[in-house]
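Peer 1: Below is a structure I'd like to ask you about.
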């Protein structure tokens with residue numbers, strides 16, 4: 001049997017070629033007595049699901065790894081895209097790495113760094129020698145998503161983040177007409193935002209989602225990364241789009257509920273959909289879930305759409321309080337109205353665009369909320385007229 005001969009691989013070439021593969025960036029932490037210790041690693045991976053094992057690679061020349069190796073546990077902190085400065089602090093030899101760094105103990109006691117994407121708490125399992133590195137395998141004892149945002153990546157010698165094109169709205173042909181409608185509404189949206197001092201959003205229905213296609217703020221600034229955010233078109237979200245669509249569409253909307261609806265829940269939703277038809281608008285009230293949803297959407301605006309953020313937004317939409325109709329807005333509840341929403345209609349008197357005044361200041365008076373509602377309804381009527389649309393008969397009688 002002959003021994004194969006291999007060409008000598010130059011280190012520079014090795015680094016150049018492998019540099020075309022992006023890697024995530026983590027900080028592995030542990031406790032040395034009462035002192036927290038940590039090191040940056042660029043080679044971290046899951047190893048096994050059963051049992052749950054992960055691994056990271058440590059340079060043999062590292063002065064910190066021998067200390068982590070002696071610890072009874074360690075925690076892998078997945079850094080967020082905006083934590084490059086933290087990464088560099090932990091990668092600097094001789095630096096006081098925990099100076100100014102907030103952390104809390106994981107269940108094992110190893111440090112969880114503030115605002116990391118996720119943490120994985122481990123106990124040592126086995127270590128292997130591999131050339132100029134060690135492969136250190138740990139058994140996972142606990143883990144959690146801390147901050148569902150984009151992770152920090154190392155690629156071709158630099159740090160950065162990535163965006164997921166598959167989750168961006170893109171140039172879907174089915175949305176082309178809706179995008180034209182949103183563009184036709186832009187001037188009215190901008191003027192409404194300036195008059196009200198509140199952000200105005202435009203959303204369109206698309207298959208099993210409804211999509212944010214435009215926004216206008218009082219300052220004129222936009223959050224372009226939030227444009228294209230798709231939310232599940234499922235109860236309780238989307239009443240404005242199904243109110244005039246007929247029974248079959250309403251039942252299909254009910255069927256998309258992530259949790260099967262009871263007869264009582266369907267009856268309540270029927271009441272809410274009917275209220276939208278009669279009044280031509282609907283409110284949404286502040287709640288812990290609503291605030292969490294808007295914070296999640298703001299985070300999407302800052303870092304883009306990650307699977308975790310999109311999934312979290314979908315879960316929040318599904319859990320929103322269903323009981324909200326125009327009749328629920330009175331002197332006692334006006335101060336809790338978060339947004340008012342109304343439709344723009346096409347030539348068939350179908351809702352093809354929803355405009356929303358979102359982020360109404362808390363404790364607003366009933367008079368203020370009603371003034372915002374009336375202004376929004378007038379804007380929607382003008383946009384409907386400008387696109388050749390028409391109001392449904394029940395609303396035409398009241399205008």
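The values are calculated or read from the model by the stated rules, or taken from the named source; none is laboratory data. Since this is a predicted model, take the numbers as computed values, not measurements. Glycine also receives a Cβ, built like all others from the backbone with ideal geometry; neighbour counts cover every protein chain displayed.
Peer 1: Scan region 42-56 and report the pairs whose first residue is modelled with pLDDT under 90 and whose second residue is surrounded by 15 or more Cβ atoms within 10 Å (Cβ to Cβ) and part of a loop (DSSP other than H, G, I, E, B), with Cβ atoms within less than 7 Å and a gap of 6+ or a chain change.
Peer 2: Taking only residues 6 or more apart or on different chains, the pairs are 42/25.
Peer 1: Still on this structure: Restricting to region 54-96, count the residues that are within 23 Å of residue 34 (Cα to Cα) and part of a helix (DSSP H, G or I).
Peer 2: 11
Peer 1: Going residue by residue through region 170-178, is there one that turns out to be at pLDDT below 90, in contact with a helix residue (DSSP H, G or I) (Cβ under 7 Å, 6 or more places away or on another chain) and farther than 30 Å from residue 47 by Cα? So that I can check it myself, show each step before the final result.
Peer 2: First pass over region 170-178, keeping only residues at pLDDT below 90: 170-178.
Next, only the ones that are in contact with a helix residue (DSSP H, G or I) (Cβ under 7 Å, 6 or more places away or on another chain) stay: none.
No, region 170-178 contains no residue that is at pLDDT below 90, in contact with a helix residue (DSSP H, G or I) (Cβ under 7 Å, 6 or more places away or on another chain) and farther than 30 Å from residue 47 by Cα.
Peer 1: Take the conditions under 22 Å from residue 130 (Cα atoms), touching a residue at least 40 places away in the same chain (Cβ under 8 Å), surrounded by fewer than 20 Cβ atoms within 10 Å (Cβ to Cβ) and in the same structural domain as residue 106 (by TED's automatic domain parsing) and apply them to residue 67. Does it pass?
Peer 2: Judged against the criteria, residue 67 is not a match.
Peer 1: Restricting to region 76-122, name every residue that is surrounded by fewer than 17 Cβ atoms within 10 Å (Cβ to Cβ) and within 13 Å of residue 31 (Cβ to Cβ).
Peer 2: Passing the criteria: 104, 105, 107, 109.
Peer 1: Another question about this same structure. Taking residue 342, is it in contact with a strand residue (DSSP E or B) (Cβ under 9 Å, 6 or more places away or on another chain), crowded, with 18+ Cβ neighbours inside 10 Å and modelled with pLDDT of 90 or more?
Peer 2: On the way: in contact with a strand residue (DSSP E or B) (Cβ under 9 Å, 6 or more places away or on another chain): yes; crowded, with 18+ Cβ neighbours inside 10 Å: yes; modelled with pLDDT of 90 or more: yes.
It is true that residue 342 is in contact with a strand residue (DSSP E or B) (Cβ under 9 Å, 6 or more places away or on another chain), crowded, with 18+ Cβ neighbours inside 10 Å and modelled with pLDDT of 90 or more.
Peer 1: From the list 36, 51, pick out the single residue that is surrounded by fewer than 20 Cβ atoms within 10 Å (Cβ to Cβ) and either touching a helix residue (DSSP H, G or I) at 6+ places or on another chain (Cβ under 8 Å) or part of a loop (DSSP other than H, G, I, E, B) (or both). If you could, list the steps in order and put the result at the bottom.
Peer 2: Numbers: 36 fails: either touching a helix residue (DSSP H, G or I) at 6+ places or on another chain (Cβ under 8 Å) or part of a loop (DSSP other than H, G, I, E, B) (or both).
The conditions single out 51.
Rundown of residues vs (1) part of a loop (DSSP other than H, G, I, E, B); (2) touching a helix residue (DSSP H, G or I) at 6+ places or on another chain (Cβ under 8 Å), yes/no style:
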| residue | (1), (2) |
| --- | --- |
| 341 | no, yes |
| 348 | yes, no |
| 355 | no, yes |
| 374 | no, no |
| 378 | no, no |
| 384 | no, no |
| 390 | yes, yes |
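Peer 1: Now a separate question. Which one of these does residue 396 not meet: (1) in contact with a helix residue (DSSP H, G or I) (Cβ under 7 Å, 6 or more places away or on another chain); (2) at negative phi; (3) surrounded by fewer than 20 Cβ atoms within 10 Å (Cβ to Cβ); (4) modelled with pLDDT under 95?
Peer 2: (1)
Peer 1: Further question on the same structure: Looking at region 107-129, can you tell me whether even one residue there is under 29 Å from residue 11 (Cβ atoms) and in contact (Cβ under 8 Å) with a residue 60 or more places away in the chain? Walk me through how you get there before you give the answer.
Peer 2: Looking only at region 107-129, we keep the residues that are under 29 Å from residue 11 (Cβ atoms), and these are 126-129.
Still in the running and in contact (Cβ under 8 Å) with a residue 60 or more places away in the chain: none.
No, the conditions are met nowhere in region 107-129.
Peer 1: On to the next question. Could you list all residues from region 213-250 that are out of contact with any helix residue (DSSP H, G or I) (no Cβ under 7 Å at 6 or more places or on another chain), surrounded by fewer than 20 Cβ atoms within 10 Å (Cβ to Cβ) and at pLDDT 80 or above?
Peer 2: Matches in region 213-250: 245, 246, 247, 248.
Peer 1: Would you say residue 307 is exposed (fewer than 15 other Cβ atoms within 10 Å of the Cβ), modelled with pLDDT of 90 or more and under 30 Å from residue 147 (Cβ atoms)? Spell out how you get there, then give the answer.
Peer 2: Numbers: exposed (fewer than 15 other Cβ atoms within 10 Å of the Cβ): yes; modelled with pLDDT of 90 or more: no; under 30 Å from residue 147 (Cβ atoms): yes.
Taking the combined requirement at face value, the residue does not satisfy it.
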